[in-house]
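What follows is a set of notes on a single structure, which appears directly below.
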Amino acid sequence: MMMTEKEIMRLANGSDIRGIALKGVEGEKINFTAEAANRIATGFVKFLSEQSEKFPSELKIAVGHDPRISSEIFKKAIFESLSAAGVKIFDCGLASTPAMFMSNIFQETNTDGSIMITASHLPFNRNGLKFFTKMGGIEHENVTTILKYACAVEEIHSASNEEIEKINLIEIYSKHLCNKIRKKLGAIEKPFEGMHIIVDAGNGSGGFFATKVLKPLGADISGSQFLEPNGKFPHHMPNPEDEEAMKSLQKAVLENKADLGLIFDTDVDRMSAVLSDGKEICRDSLIAMIAAIIAQDYPHSTIVTDSVTSDDLTIFLEQELGLHHIRYMRGYRNVINKCIELNLAGITSPLAIETSGHGALRENYYLDDGAYLSVKILIAAAKARKNKMDLSHLIEKLNYPAEMAEFRLKIKGVENFRAYGNKILSEFQSRAIDRGIEIAEPNFEGVRLNFGDDEKIGSALLRMSLHEPKMPLNVESKFKGGLKKIIAEIKNLLNDFEHLDISSLD
């Protein structure tokens, strides 16, 4: 029995496809199957044919995957669908998401579109699809269109795929990154000679960065860990936001006395770093460092981030670097699209970056690429070393909140949780105004409040989750003890919404 339209449409997850591909986690039922992948690939061919104004038989599509144990199943189903449509197929094997986009750009491949089989940082039993055209990653509305086309497919498409061409895309992509680095560092063959750099790939797709980028450029990569692909992710989740993963990298950097540590998520579109003293470069500090690296090339430009960055980051970007900061909506596509919009309007915006580690540079096709962000950091590290400095000097004037916390308040017992959440936000803002609490402006998502009279003591942002019946609340205080006072005020503003659970604030 084929999947229903409702089941297919539920696989949409923002601008991606996500679902449960394998048994193994209690309470999680498989909802993403080879059948779904086959039909969705057919939908992508129709979408791409319309977008490119080419017949399916004229299209070239590349397919790659992360090391998840279900990836081969989905790749086979996708190949059968693409073969039936007469598409020229490139099998890129184990790949990264950014490399799959670049298959549309590289002369060696020059594809019309590409598909990455991945569920990013999610557990081993999940999988999904990401789609690219020559214009970049597709939007949520494009995913909806593709899924509607998939729903109209009445039978599974199956055809021989003997004509598939295998491409070592990671080799091409690695050489591309090496060339970028050498060009920026004076065309030296081994510009990282004498530098000790550790990579933690978390058994995802990112191990190539150590062996195919850093090592050929002369770096000592000893102490690098979990470089071998393993779809069960046995050591820790490949996720720069995961506390266990970051602690593992910190330990490796300190024990091996490395100059720098880099960590990637499963499909390498996100990254974070650890300095030689064990200091984490993530969230605000990652944004600050990348901004500091590019500030000289783009003076007085605009940096776009997600909404949950701190007030201290804004002060650093604007007062120390002379840049302008826009805190936009959560969601890496939202942040990237805002950056594109600004540039089209004539406002220079070189960087769109989320606290999650998704970072896209205008100079790199607005592509959120963890490896490319690492390239920018490594070039800066090599230059700093030449001047007998280290990377920490770039963000030495960045301050941090004395206290900060995030709560995820659940909405329960409401069918239309988004409408209910928006009602809460409206009332939350009205109550804050009545109490004389300042509403922060401009604000693009939720309600941001500033607390304090003559001197600001902190702030809070209440917003709707992108996908879940939850309202994330981010609170920060400039002073020890301030967090408790701000949370008490917020509880007063939220204490009588019947379907909002605020017990985590106690």
Study note, to complete from the structure: Spelling it out for His324: with amide H atoms placed in the peptide plane at 1.01 Å from N, the residues 5 or more places away or on another chain with amide H under 5 Å from its amide H are Ser301, Thr302, Ile303
Practice item. Would you mind checking which residues have amide H under 5 Å from Glu403's amide H? H placed 1.01 Å from N; only 5 or more apart, or other chain. Key: Ser477, Phe479
**Study point:** For the chain: accessible area per residue (Å², 1.4 Å)
**Key:** 44
**Study point:** Point-to-point label distance, Lys6-Lys397, nm (Cα→Cβ direction, 7 Å offset)
**Key:** 5.8
Review point. Extension gain Glu427-Glu244, at 0.36 nm per residue separation less the Cα-Cα distance, in nm?
Key: 62.0 nm
Check your understanding: Mind ordering 109-118, 427-436, 320-329 by average Cβ neighbours within 10 Å, highest first?
Key -> 109-118, 320-329, 427-436
Exercise for review: Go through segment 436-444 residue by residue and turn each phi into a ³J(HN,Hα) via Karplus (6.51, -1.76, 1.60, θ = phi - 60°); whole Hz please, and just put x for glycine and proline.
Suggested key: x, 8, 6, 8, 6, 9, x, 9, 9
Review point. According to the square roots a ≥ b ≥ c of the eigenvalues of the Cα gyration tensor, what is the shape class of segment 401-506, taking rounded for a/c under 1.5, prolate for a/b larger than b/c otherwise, and oblate for the remainder?
Key: prolate
Check your understanding: Using 0.36 nm per residue, how much length does the chain from Asp297 to Lys456 gain when fully extended, once their Cα-Cα distance is taken away?
Key -> 53.9 nm
Check your understanding: Over segment 360-506, what is the relative contact order in whole percent, taking alpha-carbon pairs under 8 Å and six or more residues apart?
Key -> 25
Check your understanding: Of [x] 159; [y] 252; [z] 176, which is the value of volume of the Cα convex hull per residue in Å³ derived from the coordinates here?
Key -> [x]
Practice item. State the answer as a single residue: which of Ala381, Leu505, Phe106 lies farthest towards the positive end of the charge dipole of the chain, with beta carbon charges of +1 for Lys and Arg and -1 for Asp and Glu, about the Cα centre. Key: Ala381
Review point. ³J(HN,Hα) across segment 123-134 via Karplus (A = 6.51, B = -1.76, C = 1.60, θ = phi - 60°), whole Hz, x for Gly/Pro?
Key: x, 4, 7, 9, 7, x, 9, 10, 10, 9, 10, 5
**Study point:** Percent accessible area from carbon and sulfur atoms, segment 118-232, protein chains only, probe 1.4 Å
**Key:** 50
Practice item. Quick one: grab the alpha carbon gyration tensor of segment 228-287, order the square roots of its eigenvalues as a ≥ b ≥ c, and give me rounded if a/c is under 1.5, else prolate or oblate depending on whether a/b is larger than b/c. Key: oblate
Practice item. Just the number, please: carbon plus sulfur as a percent of the accessible area of segment 10-50, 1.4 Å probe, no ligands or DNA/RNA counted. Key: 49
Practice item. Would you calculate a helix-derived [θ] at 222 nm for the chain, using -39,500 (n - 2.57) for each DSSP H run of n ≥ 4 and dividing by the full residue count, to the nearest 500? Key: -10000 deg cm²/dmol
Check your understanding: To the nearest 0.05, what FRET efficiency results for Phe444 and Asn110 with a Förster distance of 45 Å applied to their C-beta separation?
Key -> 0.75
Check your understanding: For segment 52-121, what is the relative contact order in percent, using Cα pairs closer than 8 Å and at least 6 residues apart in sequence?
Key -> 45
Check your understanding: Cα gyration tensor of segment 302-413, axes a ≥ b ≥ c as square roots of the eigenvalues: rounded (a/c below 1.5), prolate (a/b > b/c) or oblate?
Key -> oblate
Point to revise | In sequence order, calculated HN-Hα J values of segment 93-104 (Karplus, 6.51, -1.76, 1.60; Hz; x Gly/Pro) | key: x, 5, 8, 10, 4, x, 4, 5, 4, 5, 4, 7
Practice item. Identify the residues of segment 170-203 with backbone N under 16 Å of a label point that sits 7 angstrom from the Cα of Lys232 along the Cα-to-Cβ direction, or state none. Key: 203
**Study point:** Amide H within-cut-off set for Met195, under 5 Å, with H built and near neighbours excluded
**Key:** Asp220
Practice item. Please figure out what share of the DSSP beta bridges in the chain is antiparallel and state it in percent, rounded to the nearest 5. Key: 65
**Study point:** segment 348-485 - percent of accessible surface contributed by carbon and sulfur, probe 1.4 Å
**Key:** 47
Revision key, fill the gap. If each part is reduced to its alpha-carbon centroid, segment 81-137 and segment 297-317 end up apart, in Å, by 32
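The values are calculated or read from the model by the stated rules, or taken from the named source; none is laboratory data. Keep in mind the model is a prediction, meaning the values are calculated, not measured. Don't worry about glycine lacking a Cβ; one is built from the backbone with ideal geometry, like all the others, and counts go over all protein chains shown. Surface areas here come from the heavy atoms of the whole protein model, side chains and all, with no ligands, DNA or RNA. Shrake-Rupley method; radii C 1.70, N 1.55, O 1.52, S 1.80 Å.
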